[in-house]
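**Q** Okay, here's the structure, questions in a sec.
The values are calculated or read from the model by the stated rules, or taken from the named source; none is laboratory data. Remember, predicted model here, so these are calculated numbers, not experimental data. Positions of Cβ are backbone-derived with ideal geometry, glycine not excepted, and every protein chain shown enters the neighbour counts. Calculation scope for accessible area: heavy atoms of the full protein, side chains included, ligands and nucleic acids excluded. Shrake-Rupley method; radii C 1.70, N 1.55, O 1.52, S 1.80 Å.
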Amino acid sequence: MYNSKPHQEHDLERLHQQMQQTRLAVLVTHDEQGLLASHIPVLIDTGEGQFGTVYGHLARANRQWQVLEQGAEALLVFAGADAYVSPGYYPSKLDNPKVVPTWNYLAVHAYGAAEVVQDGPCLLDIVSRLTDLHEQGRSVPWKVADAPSDYIEGMLRAIVGFRLPIARLQGARKLSQNRSAQDVEGVRQGLASSTDPQNNQLAAQMRPL
């Protein structure tokens with residue numbers, strides 16, 4: 001992705017945190033028929049491999065898993081909070097009206113070649129770990145084992161899993177770093193006072209002066 005130097009994020013811990021906070025990733029691949037994209041929940045094992053490893057699954061009817069099986073590079077997009085930035089947030093516009101709107105956002109792109117998983121026990125492990133991740137915090141968490149085993153076996157036959165060791169990561173953390181300290185604070189205050197939760201999330205990422 002295009003990412004100017006002031007907005008590049010290289011801290012691995014922060015990149016992993018953004019990936020884990022993104023509840024639905026976008027898996028992008030390309031074959032002779034063109035681009036394919038699927039919106040899927042994934043699990044990131046940060047301790048596996050140099051940059052971590054991503055686990056997920058696709059419907060067997062989704063031909064994208066066959067593209068993965070061919071070993072081509074895949075892209076996973078983890079889009080974080082984003083916000084419109086009004087020129088009205090900049091104190092500097094009083095002295096210099098040459099300002100225009102922009103957009104602040106957080107994003108991570110993970111690249112790698114995936115391994116397709118069709119083995120029943122391995123598939124069960126992937127869906128069980130994903131379920132446990134998203135059920136945590138509930139007073140009575142649902143577990144895959146709560147459903148009848150024959151039903152789960154049938155559902156597993158309808159999906160194909162994947163394991164994607166991350167070969168490279170790109171992170172974008174566009175938070176008005178190219179503006180003066182006063183303008184950054186103006187943006188932070190403007191987003192913090194918004195009624196939009198995403199604006200508030202970005203404001204929390206911007207340190208006050």
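**Q** Kindly establish whether Gly56 is at pLDDT 95 or above and open to solvent by less than 40 Å² (accessible area, probe 1.4 Å).
**A** yes
**Q** A further question follows. For the stretch 60-79, which positions are open to solvent by less than 50 Å² (accessible area, probe 1.4 Å), closer than 15 Å to Gly161 by Cβ and either among the aliphatic types (A, V, I, L, M) or in a strand (DSSP E or B) (or both)?
**A** Within the stretch 60-79, Val67, Leu68, Ala74, Leu76 qualify.
**Q** Here is a further query. Restricting the search to the stretch 1-35, which residues are among the basic types (Lys, Arg) and open to solvent by 100 Å² or more (accessible area, probe 1.4 Å)?
**A** Correct list: Lys5, Arg23.
**Q** Let me ask something additional. Within the stretch 1-30, count every residue that is touching a strand residue (DSSP E or B) at 6+ places or on another chain (Cβ under 6 Å) and not hydrophobic (A, V, I, L, M, F, W, C).
**A** So the count comes out to 7.
**Q** Counting just the residues of the stretch 32-58 that are of a type in the set (Asp, Glu) and without any contact (Cβ under 8 Å) to a residue 40 or more places away in the chain, which one comes out nearest to Glu135 (Cα to Cα)?
**A** Applying the filter and picking the extreme gives Asp45.
**Q** Sticking with this one: Taking the stretch 37-53 only, how many residues are on the phi < 0 side of the Ramachandran plot and open to solvent by 30 Å² or more (accessible area, probe 1.4 Å)?
**A** Result for the stretch 37-53: 9.
**Q** Only one of these conditions is not met by Thr29: (1) over 21 Å from Ser128 (Cα atoms); (2) touching a residue at least 60 places away in the same chain (Cβ under 8 Å); (3) polar (S, T, N, Q). Which number is it?
**A** (2)
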